[in-house]
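The values are calculated or read from the model by the stated rules, or taken from the named source; none is laboratory data. Just so we're clear, the structure is a prediction, and the values are computed from it rather than from any experiment. In this analysis, Cβ positions are derived from the backbone assuming ideal geometry, glycine residues included, and neighbour counts consider all displayed protein chains. The accessibility values were calculated without ligands, DNA or RNA, using every heavy atom of the protein model including side chains. Shrake-Rupley method; radii C 1.70, N 1.55, O 1.52, S 1.80 Å.
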Amino acid sequence: MNQVIPKFILKLNTILQVIRNIRTKDWKYQTIVSFTSDGNSILIHDEQMLESQVLPEIFKHNKLSSFVKQLNNYGFKRQRNELNKQVYYHPYFNINSNYSMLQMITKRNKPKKMISFNIFKDDFERFKLELDSIWKYINHYKKIKIALRFLLFLIIFYSLFNQYSSFILIHSNQNIL
């Protein structure tokens, strides 16, 4: 499987490797961000300088929070050192990381947000009440429909009864004469 190194990881590794290889005091980022002395973690020396100089130039933004979020998204773990500076560790990212190790650093899959039933509980209750009233209306309508059919039956029956009565009356008058 041929994976590509994510741009963020590639930029981060490039800048830290350049700082490591150019161990002179005139390199502008060396006092801002570097590998720790053991080479296993990223050490942020100066957060304000990181925001004002490094991030805009390398990562095209100037927010430390966005940078930290990217680190977290790629599985870096935050630690504090003895000088209370921010240190970020990842098992595949260190001073000796090679291409295949950097390929193994991927964004963490965020689980899909589940819709909580509690969010819609009030809406569900309102919907249930509305549905109940609709069913009551339908049942009421069915009862009215049955009553109307019965009434129609009575009207037809009454009409037929009148016709039958008239027929009987007419025939009974003919038999009398």
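Taken over region 19-53, the criterion of being in a helix (DSSP H, G or I), at pLDDT 75 or above and open to solvent by less than 50 Å² (accessible area, probe 1.4 Å) is satisfied by 50 alone. Just one of the numbered conditions (1) more than 17 Å from residue 6 (Cα to Cα); (2) modelled with pLDDT of 85 or more is not true of residue 68: (1). Within region 54-102, the residues that satisfy the criterion of being in a loop (DSSP other than H, G, I, E, B), open to solvent by 80 Å² or more (accessible area, probe 1.4 Å) and under 18 Å from residue 17 (Cβ atoms) are 92, 96.
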